[in-house]
1. Restricting segment 160-187 to residues that are small (Gly, Ala, Ser) and either at negative phi or not in a loop (DSSP other than H, G, I, E, B) (or both), which is most open to solvent (accessible area, probe 1.4 Å)?
2. Looking at the structure I just gave you, is Ala101 aliphatic (A, V, I, L, M) and within 13 Å of the ligand (Cβ to nearest atom)?
3. Taking segment 61-71 only, how many residues are open to solvent by 20 Å² or more (accessible area, probe 1.4 Å) and either near the ligand (Cβ under 8 Å from one of its atoms) or within 16 Å of Gly161 (Cα to Cα) (or both)?
4. Among (1) under 30 Å from Ala174 (Cβ atoms); (2) outside the structural domain of Asp151 (by TED's automatic domain parsing), which single condition is Trp112 missing?
5. For Val53, indicate whether it is modelled with pLDDT of 95 or more and open to solvent by less than 30 Å² (accessible area, probe 1.4 Å).
6. Tell me, which strands (runs of 3 or more DSSP E) lie completely within segment 1-104 with 3 or more residues that are touching a residue at least 24 places away in the same chain (Cβ under 8 Å)?
7. How many of the residues making up segment 202-216 are surrounded by fewer than 16 Cβ atoms within 10 Å (Cβ to Cβ) and modelled with pLDDT under 95?
8. I'm trying to understand the selection: among the residues of segment 142-159, which are over 18 Å from the mean Cα position of the chain (by Cα) and assigned to a helix (DSSP H, G or I)?
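The values are calculated or read from the model by the stated rules, or taken from the named source; none is laboratory data. This one's a predicted model, so the numbers in the text were calculated from it and none came from an experiment. Counting neighbours? That spans all protein chains shown, and the Cβs are built from the backbone with ideal geometry, glycine included. Heavy atoms of the whole protein, side chains included, go into the accessibility calculation; ligands, DNA and RNA do not. Shrake-Rupley method; radii C 1.70, N 1.55, O 1.52, S 1.80 Å.
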Amino acid sequence: MAAGAEVRLLGERLSPYCIRVQQALAVKGVAGYEYVEEDLERKSQLLLSSNPVHGKVPVLLHRGAPVCESLVIVQYVDEAWAGPAILPSDPYERSRARFWAAYIDDKFFPSWEPFFKSNTAETFKNALPAVGTLEGALEECSNGKPFFGGDSIGYVDVALGGYLGWIKAVDEVAGTSLLDGARFPRLAAWAESFAAADAVRGASPAVQDIVAFYKKMQAGGETGASH
Ligand SMILES: N[C@@H](CCC(=O)N[C@@H](CS)C(=O)NCC(=O)O)C(=O)O
């Protein structure tokens, strides 16, 4: 479904929040939209006027109307375009998916962020309980299928999927394995299935690009203000 210039995404190439929106657009088959890379050190007037409350990317502009906050954008994309459903149709299942997506941003990421900032044994250990909770969530949501969404990539998958490249990059630099198969067999298998899925592969940046950026950040060459 070619979107043309009626759809614009203001983003930043390696932002996990922008990646998840691009993954959702890809799942939905929305193609040919205009992607506008923002310099977060010098935000464009368009970004500031489209998202005056937060001034953050991503912002989706649909026929000029701005939609802000990545999880809100994913829900909007699911509702505004036909194509494979991202959220479950059953209201209770939808509520579970929204609950776990919020958990990923509100609990998982803040528990992993200290490790992201300083790779120590202690910060790594402190990140593990939230990963364990997600392992249980995957069991609960997937019914034994590969994705949180079941047989296909859904809302919780893109919520976590936006972070996956970063998780792999940080692991590579730190010599760790956050989604370790021995500890978290379901999430480890999920990570493989997600990375291999045709629906999102083209919408996710190469892990090596994130590794290079992360190393620069650690060396003080990137501000990392955006992450
Ligand atoms: N909760 C927001 C987070 C977005 C976010 O933190 N974006 C960062 C880039 S990763 C940003 O725009 N930072 C610029 C700033 O904080 O001024 C979402 O889900 O969209």
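1. Just the residues of segment 160-187 that are small (Gly, Ala, Ser), to begin with: 161-162, 165, 169, 174-175, 177, 181-182.
This time we only want the ones that are either at negative phi or not in a loop (DSSP other than H, G, I, E, B) (or both), so: 161-162, 165, 169, 174, 177, 181-182.
On the way: Gly161: 3, Gly162: 1, Gly165: 17, Ala169: 0, Ala174: 35, Ser177: 53, Gly181: 39, Ala182: 96 Å².
Once the filter is applied, the top-ranked residue is Ala182.
2. It is true that Ala101 is aliphatic (A, V, I, L, M) and within 13 Å of the ligand (Cβ to nearest atom).
3. Total meeting the criteria: 3.
4. That leaves (2) as the condition not met.
5. No.
6. 7-11, 34-37, 59-62
7. 1
8. Hit for segment 142-159 is Ser142, nothing else.
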